[in-house]
1. Decide, for region 1-94, between rounded, prolate and oblate: order the square roots of the alpha carbon gyration tensor eigenvalues as a ≥ b ≥ c, take rounded if a/c falls under 1.5, and otherwise choose prolate if a/b is larger than b/c, else oblate.
2. Can you list the lysines whose alpha carbon is less than 27 Å from that of K61, not counting same-chain residues fewer than 8 positions off?
3. May I ask for the percentage of alpha-carbon pairs in the chain that lie more than 27 Å from each other?
4. Going toward the positive end of the dipole of the chain, with +1 on Lys and Arg Cβ and -1 on Asp and Glu Cβ, which of Q66, L53, C133 do you reach last?
Amino acid sequence: MHFFEGVFSHLPTIETHRLILRPLRMQDAADLYAYARDPEVSRHVLWDTHKTLRDSRQFLKAAIRQYRRGLPGSFAITLKPSGRMIGTIGFMWVNIDHKSAEVGYSLNRDFWNQGLMTEALRAVIAFGFDELCLNRIEAQHETDNPASGRVMIHTGMQYEGTMRQRLMNKGRYVDVRQYAILRSDPRK
């Protein structure tokens, strides 16, 4: 058992100026479905557009299983003070030997371009460095989704390169841009 397994089994709640990041729960199904059914939201992530509320429930069950296994997982991004879930952000993988991890996120389109994802990513980067003792946190985005790259830049992540046809997403190979921040880098 790695030291981080306990962290992911009992994911903490993180508070920012406008948001609360907390573990996902089954009660989030309706809020998740409200944005996961939007093809524009799911276009650049590796999960498919949710067709029914059942799809959202299955997604949440899988996330909760990840917690139980102590595996890297995601936070629900919720608004203060309403508690409405508007997105997810979390760790795709963590490599303890190299003290590195990858972060991924998605957000309800109603809340795009308001700085909320930047706020959430800053909090998760701090959590990764301060709680998980990571040295490197990386993220990637499809080249035709530059808004996601701007979020990364606003947190202090640096562009490292473009990987051609790195992923297969929804039946097509996609190029991705890689960003990363090191513990020693300045955070914004």
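1. Because a/c hits 1.5 or more and a/b fails to exceed b/c, region 1-94 counts as oblate.
2. K51, K80, K170
3. Value for the chain (Cα pairs over 27 Å): 24 percent.
4. L53
Every number here is computed from the coordinates shown, using simple stated rules; none is lab data. A quick note: this is a predicted structure, and the numbers were derived from the prediction, not measured. Cβ: placed from backbone, ideal geometry, glycine included. Neighbour counts: every protein chain shown.
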